[in-house]
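Here the structure is laid out as structure tokens; the discussion comes afterwards.
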Amino acid sequence: MRRLFVAGNWKMNTLRESGVALATGLAKECHKSHPGVQVAVCPPFPFLLPVAAAIAGSGVELGAQNCSPEKPGAFTGEVASGMLLDVGCQWVILGHSERRALYGETDALVAQKTATALAAGLSVILCVGETLAERQANQTDAVLDRQMAGSLAGIDAAGLARIVIAYEPVWAIGTGLTATTEQAESAHSHLRKWLASRYNAGLADATRILYGGSVKAQNAKSLMEQPNVDGALVGGASLKLDDFLPIVRAAQELRPA
Ligand code: 13P
């Protein structure tokens with residue numbers, strides 16, 4: 001059975017004090033006593049180090065929200081994946097729809113970043129998802145296929161073994177509209193079939209596919225109960241302990257220690 005994974009994407013939120021308080025509270029509540037559930041937080045770059053200190057020894061893992069496709073060098077304003085590893089990150093979120101839509105990130109760039117991050121030793125949370133217009137035009141599967149093929153171009157089976165996929169329908173992000181359990185399960189099952197045909201059945205079966213888009217305490221359990229939903233990538237509800245902890249608890253109920 002796949003381990004459930006609950007990751008908080010703080011996006012461009014928190015300050016040092018609030019971020020550290022959130023991480024400290026989470027570390028206190030998430031002990032290693034639930035091996036079937038993995039928990040990670042992804043704060044903004046400036047708070048990676050203090051958050052790393054706050055969660056040290058707790059079993060909560062650390063991720064960043066982006067990285068450069070380049071190795072270290074003259075790239076003003078960029079952050080190299082090796083630097084993220086150096087400050088305690090295990091994870092980096094790549095291909096988030098906000099980066100695709102607001103910063104023009106293409107599948108090719110996401111693939112380049114993925115390869116660089118994997119080579120540096122990071123694991124990747126790779127995001128894909130359709131817009132509302134694409135869903136309404138019955139293009140969801142085709143969009144997912146295109147994003148997966150493009151974002152995983154050149155990534156071999158060993159690379160995929162260090163990647164978690166996050167299905168994040170754009171229309172559900174920050175809108176309060178959550179995909180129904182049927183919509184989520186259908187997209188996840190499609191993604192797993194895609195992985196089986198591009199790689200192999202065993203690897204497709206082992207790969208975690210998270211759902212993201214207005215995940216809350218009220219809908220987390222029913223989403224994660226779906227056979228192909230292996231956790232959640234949580235935005236808004238990851239910013240308050242009282243909102244995030246019930247999501248972690250829902251996962252723990254589904255994978256009792
Ligand atoms: P919300 O949970 O705020 O909808 O954000 C989801 C998301 O984009 C996580 O990466």
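Accessible surface area normalised per residue over segment 116-156 is 39 Å², counting heavy atoms of protein chains with a 1.4 Å rolling probe. Please enumerate, by chain and number, the aspartates and glutamates with C-alpha under 17 Å from the C-alpha of residue 71, excluding those fewer than 8 residues away in the same chain. By straight Cα distance, residue 71 reaches 86. Taking the protein heavy atoms of segment 113-175 in the context of the full set of protein chains, the accessible area attributed to carbon and sulfur is 54 percent at 1.4 Å.
Projecting the alpha carbon convex hull of segment 196-257 along each direction and taking the average yields 4.9 nm².
Residue ranges 146-158, 1-13 sort as 1-13, 146-158 when ordered by packing (mean number of other C-beta atoms within 10 Å per residue, highest first).
Take the Cα radius of gyration of segment 50-91 and divide it by 2.2 N^0.38 Å, N being the number of residues; the result is 1.28. Accessible area per residue for segment 1-75 is 47 Å², calculated with a 1.4 Å probe on protein heavy atoms, without ligands, DNA or RNA. Evaluated over the Cα positions of the chain, the convex hull gives a direction-averaged projected area, one quarter of its surface, of 12.5 nm². Temperature 25 °C, viscosity 0.890 mPa s: under these conditions the Stokes-Einstein estimate for segment 138-244, based on its Kirkwood radius over C-alpha pairs, is 172 µm² per second.
Leaving out ligands, DNA and RNA, and with a 1.4 Å probe, what % of the accessible surface on segment 211-251 is carbon or sulfur?
The nonpolar share, carbon plus sulfur, comes to 50 percent.
Dividing the Cα radius of gyration by the Kirkwood radius, what Rg/Rh value follows for segment 11-130? Result: Rg/Rh = 0.98. Measuring between alpha carbons in the structure, the pairs from 28/113; 28/216; 11/193; 11/216; 11/221; 28/221 lying more than 25 angstrom apart are 28/113; 11/193.
The values are calculated or read from the model by the stated rules, or taken from the named source; none is laboratory data. Computed from a predicted structure; not experimentally measured. No Cβ is skipped: glycine too gets one built from the backbone with ideal geometry, and neighbour counts run over all protein chains shown. Quick note on the areas: whole protein, heavy atoms, side chains included, nothing else; ligands and nucleic acids left out. Shrake-Rupley method; radii C 1.70, N 1.55, O 1.52, S 1.80 Å.
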